[in-house]
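Report on the following structure.
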Amino acid sequence: DVKATVAQILALEAAGCEIIRVAVPTMEAAEAITEIKKQIHIPLVADIHFDYRLAIAAIEHGVDKIRINPGNIGSVDRVKAVVDKAKAYHVPIRVGVNSGSLEKDLIAKYGGHVTAEGIVESALDKVHPIEDLGYDQMVISIKSSDVMMCVKAHELIAAKTDYPLHVGITESGTLISGNIKSAVGLGIMLNEGVGHTIRVSLTGDPLEEIKSAKLILKTLGLRKGGIEVVSCPTCGRTRIDLIGLANKVENLVQNYDLDIKVAVMGCVVNGPGEAREADIGVAGGIGEGLLIKKGEIVKKVPEDQLLAVLKDELDHWNK
Ligand code: SF4
């Protein structure tokens with residue numbers, strides 16, 4: 001479904017996605033890549049399972065990277081046919097391992113259970129045959145839903161190879177658990193300089209994955225831009241619906257391409273002071289609130305107009 005696929009990719013692009021993967025389960029899907037590529041602006045990766053002919057067709061139809069598991073592509077001849085085609089078209093190959101399907105001999109070798117060491121060995125076992133075919137344009141991906149094992153495996157493999165690493169925490173769950181596990185795992189790895197492309201995997205809307213990924217990168221200081229919202233945790237001084245207001249402000253700021261910090265504070269007593277580091281903010285009072293800039297009170301505003309006043313400020317920020 002070219003139309004639906006393109007629509008989804010464009011929405012993800014608009015949200016900040018910088019590389020996109022699609023499943024290519026049929027020859028028809030492989031052939032659709034040409035048309036999809038014409039309508040999108042970010043690199044397209046084809047996910048290939050089992051059928052080496054689909055990998056070859058995806059490359060011929062202009063895909064930017066293929067993801068294969070050499071182990072399920074079949075005979076050496078078939079793997080060679082895919083590698084030769086990738087070589088001819090300068091298309092990188094992503095190879096990887098998922099802890100859930102770690103080879104039995106590597107489980108046995110490392111104490112009878114899945115280990116970071118076993119995962120790393122399995123990943124390198126998939127890289128070497130492609131190197132032996134004379135190709136080194138590869139990306140390695142290691143997947144484990146055990147966050148700290150995943151981190152350890154990445155640290156180990158980063159010390160052993162210079163190949164780019166595609167990093168993420170797999171099967172991390174729905175919104176809350178997936179975000180927390182991804183933030184912890186990616187946070188440690190990226191802070192150590194490990195990882196070249198990232199994916200936040202959520203059981204949820206892919207747009208949420210992009211939002212989370214961007215926030216993780218910004219929190220680590222690896223990306224700049226976009227409005228950051230800070231809001232207080234509320235306390236006995238709060239007299240307005242601060243949770244509702246903060247959520248509305250979160251939604252509002254998605255629409256602005258400004259690199260500033262916006263504060264949403266619960267009270268006029270401590271709010272302005274606590275929001276000193278924010279460029280602009282609002283603080284709730286009783287029936288009315290304050291508009292604040294860099295901790296200074298700018299004006300009093302009726303409570304029901306706080307959001308509109310903030311929006312007006314953001315609309316005219318650059319002026
Ligand atoms: Fe409480 Fe005011 Fe601080 Fe919010 S800003 S936590 S309402 S004191």
- Taking the simple approach of a point 7 Å from Cα along Cα-to-Cβ for both THR238 and GLN305, what is their distance in nm? 2.5
- Item | Where region 170-266 is the region considered: accessible area per residue in Å², 1.4 Å probe | 54
- Note on the structure: Among the Cα-Cα pairs of region 1-83, the proportion with separation greater than 15 Å, in percent, is 53
- Message: At 7 Å along Cα-to-Cβ for each site, give me the label-to-label distance between LYS37 and LEU217 in nm.
- Response: 2.3
- Note on the structure: Expressed in nanometres to one decimal, the distance between label points 7 Å along Cα→Cβ at ILE176 and LYS224 is 3.6
- For region 80-153, taking Cα atoms only, what is the radius of gyration to one decimal and the Dmax to the nearest whole Å? 13.8, 42
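Using the alpha carbons of region 43-195, what is the convex hull volume per residue in cubic angstrom, as a whole number? Display every interim value, and only then the final one.
Values: hull volume 18.1 nm³, N = 153.
Spread over its residues, the Cα hull of region 43-195 gives 118 Å³ apiece.
Could you grab the Rg to Rh ratio for region 203-277? Cα atoms only, Kirkwood for Rh. Mind dumping the intermediate values first?
Working: Rg = 14.0 Å, Rh = 13.8 Å.
The Rg/Rh ratio comes out at 1.02.
Please report the antiparallel percentage of DSSP beta bridges with both residues in region 170-319, rounded to the nearest 5.
55
State the extension gain, in nm to one decimal, for the chain segment bounded by ASN255 and PHE50, taking 0.36 nm per residue of separation less the distance between their alpha-carbons.
Working: separation 205, 0.36 × 205 = 73.80 nm, distance 4.21 nm.
Full extension from ASN255 to PHE50 adds 69.6 nm.
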- Item | Residue of ALA88, ALA58, ALA32 that the Gaussian network model of the chain assigns the largest fluctuation, springs spanning Cα pairs under 10 Å | ALA88
- Roll a 1.4 Å probe over the protein heavy atoms and report the accessible area of GLU28 in Å², nearest 10. 140
- Query: Say we join alpha carbon atoms closer than 10 Å with springs in a Gaussian network model of the chain; which of ALA14, ALA57, ALA159 then has the biggest fluctuation?
  - Reply: ALA159
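For ALA30, what is the net charge nearby, where nearby means another residue's Cβ is under 13 Å from its Cβ and Lys, Arg count +1, Asp, Glu -1? List each step's numbers first, then the result.
Numbers: positive: LYS37, ARG53, LYS85; negative: GLU28, GLU31, GLU35, ASP47, ASP51, GLU60.
With Lys, Arg at +1 and Asp, Glu at -1, the neighbours total -3.
Provide the FRET efficiency to the nearest 0.05 for the ILE297-ALA159 pair, computing r from the beta carbons and using R0 = 45 Å. Provide the component values of the computation, followed by the final result.
Values: r = 53 Å, r/R0 = 1.19.
Calculated transfer efficiency: 0.25.
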- State whether region 40-99 is rounded, prolate or oblate according to the following rule on the C-alpha gyration tensor (a ≥ b ≥ c being the square roots of its eigenvalues): a/c under 1.5 gives rounded; otherwise a/b larger than b/c gives prolate, and the remaining case gives oblate. oblate
- region 261-319 -> Rg/Rh from Cα coords, Kirkwood Rh, value 0.94
- Item | Ranked order, CYS267, CYS235 - accessible area, probe 1.4 Å, largest first | CYS235, CYS267
- Task: Diagonalise the Cα gyration tensor of the chain and give the resulting equivalent ellipsoid semi-axes, square root of 5 times each eigenvalue, largest first, whole Å.
- Result: 46, 23, 15
- Just VAL63, VAL76, VAL194 to compare: in a GNM of the chain, with alpha carbon springs under 10 Å, which one fluctuates most? VAL76
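Considering only protein heavy atoms and a 1.4 Å probe, what is the carbon-and-sulfur percentage of the accessible area of the chain?
For the chain, the apolar C and S fraction of the accessible surface comes to 53 percent.
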- Query: If amide H atoms are built 1.01 Å from N in the plane of the peptide, which residues on other chains or at least 5 residues away come under 5 Å of the amide H of ILE260?
  - Reply: GLY226, ILE227, GLU228
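How would SER141, SER177 line up by accessible area, probe 1.4 Å, largest first? The partial results should precede the final answer.
Numbers: SER141 0, SER177 45 Å².
Ranked from most to least accessible, the order is SER177, SER141.
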- ASN69 long-range amide H proximity, modeled H, under 5 Å: PHE50
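Kirkwood Rh over Cα pairs of region 172-312 into Stokes-Einstein at 4 °C, 1.567 mPa s: D in µm²/s? Walk me through the numbers on the way to the answer.
Numbers: Rh = 16.3 Å.
It comes out at roughly 80 µm²/s.
For ILE19 and ASN98, FRET efficiency with R0 = 25 Å and r from the beta-carbon atoms, rounded to 0.05?
Details: r = 19 Å, r/R0 = 0.78.
So the FRET efficiency works out to roughly 0.80.
Ignoring everything except DSSP H segments at least 4 long, calculate the 222 nm mean residue ellipticity for the chain; use -39,500 (n - 2.57) per segment, divide by total residues, nearest 500. Provide the component values of the computation, followed by the final result.
On the way: 13 runs with 148 residues, N = 319.
Computed ellipticity for the chain at 222 nm equals -14000 deg cm²/dmol.
The values are calculated or read from the model by the stated rules, or taken from the named source; none is laboratory data. The shown structure was predicted, so the numbers you read here are calculated from the model rather than taken from an experiment. Counting neighbours? That spans all protein chains shown, and the Cβs are built from the backbone with ideal geometry, glycine included. When the accessible area is computed, the model is the full protein with side chains, heavy atoms only, and any ligands, DNA or RNA have been set aside. Shrake-Rupley method; radii C 1.70, N 1.55, O 1.52, S 1.80 Å.
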